[in-house]
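S.K.: A single structure is presented below for examination.
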Amino acid sequence: MIRWMAALLALTLPAGCSADPMTARSTLDGQPPIVIAHRGASGERPEHTIAAYRLAIEQGADFIEPDLVLTKDGVLVARHENEISETTDVADRPEFADRKTTKTIDGGKATGWFTEDFTLAELKTLRARERLPKLRSTDYDDQFEIPTFEEILTILTEVNRGREKPVGIYPETKHPSYFASIGLPHEAPLLALLDRFGYRGRNAPVYIQSFEVRNLMDLRAKSDLPLIQLLDAEGGPPDMPETSYAAMTSPAGLKSVASYADGIGPNKAMVIPRGALGSLAEPTSLVRDAHAAGLKVHPWTFRRENYFLPLGDKGGVNPAGHGDLGAEIAAYLRTGIDGLFSDNPREAVTAVRKPVEP
């Protein structure tokens, strides 16, 4: 109840909120929405590479987001999935041909090469590739290593030295219950590294996110760092098949989420769905309901390619062409979101910093 009342006060009298109506935002705490560089500046460099993270920082991102999986020797590395054939050159490496296998992860079968079958030294011999080659340039393929979480935190330490407002870190634990089942849990190495690099307490520039629930509950029992419950438009948490993400977005469900997390990261269609022709429809009540429960809202993922944009913001018929990402983001900002994930930090930062339309 105390937390809910505090959230209500924050909505009516937001601390630090500008009195200027052209800059004020209807976010939970009255602060400007944050831009989370989704896998780095992944619209311009291969995702989850040091080059992508550095470019995102140069473009003004508030946070960089590494998805974390583990190696055979228990090291946290940044990959979108533990299956790495789409994002590395592993399929072209004859020395690793016998590592190809099929596994069941989160109830589904996947075939390829998996990080947990490689030592860090072996993974470091691979090179990153563009995951969406039909939509994005492959000019930077085979130039960059797979980075460790420690290397990413080291880069941030260097970048943040002397900065008044540090660039934050927004790691996702990928398939945590699966990794725990094979003896490679995320929690201990994740919290140990964050603590070593000085990320401590409620105000640390970090959010830890997961599509699973028990993983976040376990983290909450061990840490007071901010946590985000990820939500998709369909299905439910892999570790709780008895529930659904839809149920978690009801007022009662959001109240339950608020007992262990600080915010939600919903599929953006849960905030503003699309109509039959692909145009943006009317916003749902999710942002308002989440704020009433004291939860921040950080939807995903905003991308500039026509393939991903709503009908009215496309820049032509070529799926790889670029449309008006700023216009799409502006529609979501009007709902009061507290931040957003984007593959294109430059465009997202520009949209967020634009004065609010009356």
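S.K.: What does DSSP give for the chain in terms of the percent of beta bridges that are antiparallel, rounded to the nearest 5?
M.R.: Antiparallel: roughly 35 percent of the beta bridges in the chain.
S.K.: To the nearest 0.05, how large is the calculated FRET efficiency for GLU282 and THR102 if R₀ is 41 Å and r is the Cβ-Cβ distance?
M.R.: 0.40
S.K.: Related question: If you take the beta carbon distance between ALA121 and LYS222 as r and set R0 to 22 Å, what does 1/(1 + (r/R0)^6) give as a FRET efficiency, to the nearest 0.05? Working shown, then result.
M.R.: On the way: r = 30 Å, r/R0 = 1.34.
Approximately 0.15, to the nearest 0.05.
S.K.: Something else about it: Nothing charged except the Cβ atoms of Lys and Arg (+1) and of Asp and Glu (-1): what's the magnitude of the dipole of the chain about its Cα centre? Round to the nearest 20 debye.
M.R.: The dipole magnitude comes to about 720 debye.
S.K.: Can I ask one more? Taking only DSSP H segments of four or more residues, each worth -39500 (n - 2.57), what value at 222 nm results for the chain once the sum is divided by all its residues, to the nearest 500 deg cm²/dmol? Don't jump to the answer; show the numbers that get you there.
M.R.: On the way: 12 runs with 97 residues, N = 358.
Computed ellipticity for the chain at 222 nm equals -7500 deg cm²/dmol.
S.K.: For THR350 and SER181, calculate 0.36 nm times their separation in residues minus their Cα-Cα distance, and state this gained length in nm to one decimal.
M.R.: Details: separation 169, 0.36 × 169 = 60.84 nm, distance 4.28 nm.
56.6 nm is the gain from fully extending THR350 to SER181.
S.K.: Of the trypsin sites (Lys or Arg not before Pro) in the stretch 145-195, which ones lie in a loop per DSSP and count no more than 15 other C-beta atoms within 10 Å?
M.R.: Here the trypsin sites (Lys or Arg not before Pro) that fit, given the DSSP loop and packing criteria, are ARG161, ARG163.
S.K.: Given Cβ point charges of +1 (Lys, Arg) and -1 (Asp, Glu) and nothing else, what value in debye, to the nearest 20, does the dipole of the stretch 155-227 about its Cα centre take?
M.R.: Values: 10 positive and 8 negative charges, 36 e Å.
Charge dipole, the stretch 155-227, about its Cα centre: 180 debye, nearest 20.
S.K.: Still on this structure, please answer the following. For the stretch 58-151, run through the trypsin sites (Lys or Arg not before Pro) and keep only the ones in DSSP coil with at most 12 other Cβ atoms within 10 Å of their Cβ.
M.R.: Qualifying residues, ordered by number: LYS134.
S.K.: Here's another thing I want to ask about it. Taking amide H atoms as placed 1.01 Å from N in the peptide plane, list the residues 5 or more away in sequence, or in a different chain, whose amide H sits under 5 Å from that of THR88.
M.R.: Placed amide hydrogens put ARG129 under 5 Å from THR88.
S.K.: Please work out whether the stretch 108-259 counts as rounded, prolate or oblate from its C-alpha gyration tensor, where a ≥ b ≥ c are the square roots of the eigenvalues and a/c under 1.5 means rounded, while otherwise a/b larger than b/c means prolate and anything else oblate?
M.R.: oblate
S.K.: Now for a separate question. Normalised by the number of residues in the stretch 221-358, what is the relative contact order in percent for Cα pairs under 8 Å and 6+ residues apart?
M.R.: 18 percent
S.K.: Of the peptides 293-302, 32-41, how do they stack up when ordered by the mean number of other Cβ atoms within 10 Å, highest first?
M.R.: Averaged packing, sorted descending, gives the order 32-41, 293-302.
S.K.: Give me the percent relative contact order of the chain, please, defined on Cα pairs under 8 angstrom at least 6 residues apart.
M.R.: Numbers: 755 pairs, mean separation 68.7, N = 358.
That works out to 19 percent.
S.K.: What relative contact order, as a whole-number percentage, does the stretch 152-257 give when Cα pairs under 8 Å and 6 or more residues apart are counted?
M.R.: 21 percent
S.K.: Determine the gain in length on full extension of the stretch VAL317-ARG202; use 0.36 nm per residue of separation and subtract their C-alpha separation, reporting nm with one decimal.
M.R.: Gain on extension, VAL317 to ARG202, equals 36.8 nm.
Taken together, the values in this text are just the output of simple stated rules run on the coordinates, not laboratory data. Small disclaimer: the values here were computed from a predicted structure and weren't measured. Positions of Cβ are generated from backbone atoms using ideal geometry, with glycine treated the same way; all protein chains shown enter the neighbour counts.
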